[in-house]
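This report concerns only the one structure given below.
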Amino acid sequence: MQVFWAKGFASTSTDDLREAMGIGRQSLYGAFGDKRTLYLEAFDSYLERIGSAHLIRLSYGSPIEGIENLLAGLAPEDDRERALGCMGVGSVGEFGTTDPDLNLRRKASGEMLMRHVAQRIVEGQERGEIARKLDPAETSAFVVMTMTGLQIAARGGASAKELKAMARFATYRLMP
């Protein structure tokens, strides 16, 4: 997963994968079939891991705090980790919408996240933390779009401090 995340599908060689896993070529093909199958398995693992982390951050604190935690959590202090950005966003950049298997995975993951964000937005509106004039579905889409922008900025070299400031700025736009 780390190799694909860092290099993308096309730039990752079979030798890169073998070295990362410490296995021989035949073992790689025997276990996974081909590079694409391994990529899809790594992508599924990534989506599961990152999706869980997103939901944990989103659920922590009040609704507005949860949304800020979700966004700020995309700014790890470790420069190497932050520079990886998002494997999902990277897959969009590399494949666009040309791969139906990736499209289904990204859609399911994105819809799940947007539902949870929308729930926190409604909760925040009921508590007076988030402006009632905001449509929860549109606002959820804005939050997810902001996540994408933060992850691209991270990949482009933005510091943790800069990313956290952007997360704060976006979050405060939701307040009454």
Is it the case that residue 64 is without any contact (Cβ under 8 Å) to a residue 12 or more places away in the chain and either within 13 Å of residue 143 (Cα to Cα) or not polar (S, T, N, Q) (or both)? no
Among (1) modelled with pLDDT under 95; (2) more than 24 Å from residue 92 (Cβ to Cβ), residue 119 falls short only on (1)
Among 21, 1, the single one that is touching an Asp or Glu at 6+ places or on another chain (Cβ under 9 Å) and surrounded by fewer than 18 Cβ atoms within 10 Å (Cβ to Cβ) is 1
So the helices (runs of 4 or more DSSP H) completely within segment 78-176 holding 2 or more residues that are basic (Lys, Arg) are 79-83, 100-127, 160-172
If you go through 154, 165, 118, the only one that is over 16 Å from the mean Cα position of the chain (by Cα), over 15 Å from residue 63 (Cβ atoms) and not polar (S, T, N, Q) is 165
Can you find a residue in segment 115-129 that is of a type outside the set (Lys, Arg), out of contact with any strand residue (DSSP E or B) (no Cβ under 7 Å at 6 or more places or on another chain), closer than 30 Å to residue 39 by Cα and in contact (Cβ under 8 Å) with a residue 12 or more places away in the chain? yes
Here the residues within segment 45-66 that are among the aromatic types (Phe, Trp, Tyr) and over 26 Å from residue 1 (Cα atoms) are 60
Across segment 18-68, the tally of residues that are out of contact with any Phe, Trp or Tyr (no Cβ under 9 Å at 6 or more places or on another chain), part of a helix (DSSP H, G or I) and of a type in the set (Val, Ile, Thr) stands at 4
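The values are calculated or read from the model by the stated rules, or taken from the named source; none is laboratory data. The shown structure was predicted, so the numbers you read here are calculated from the model rather than taken from an experiment. Cβ sites come from the backbone with ideal geometry, for glycine too, and all protein chains shown count toward neighbours.
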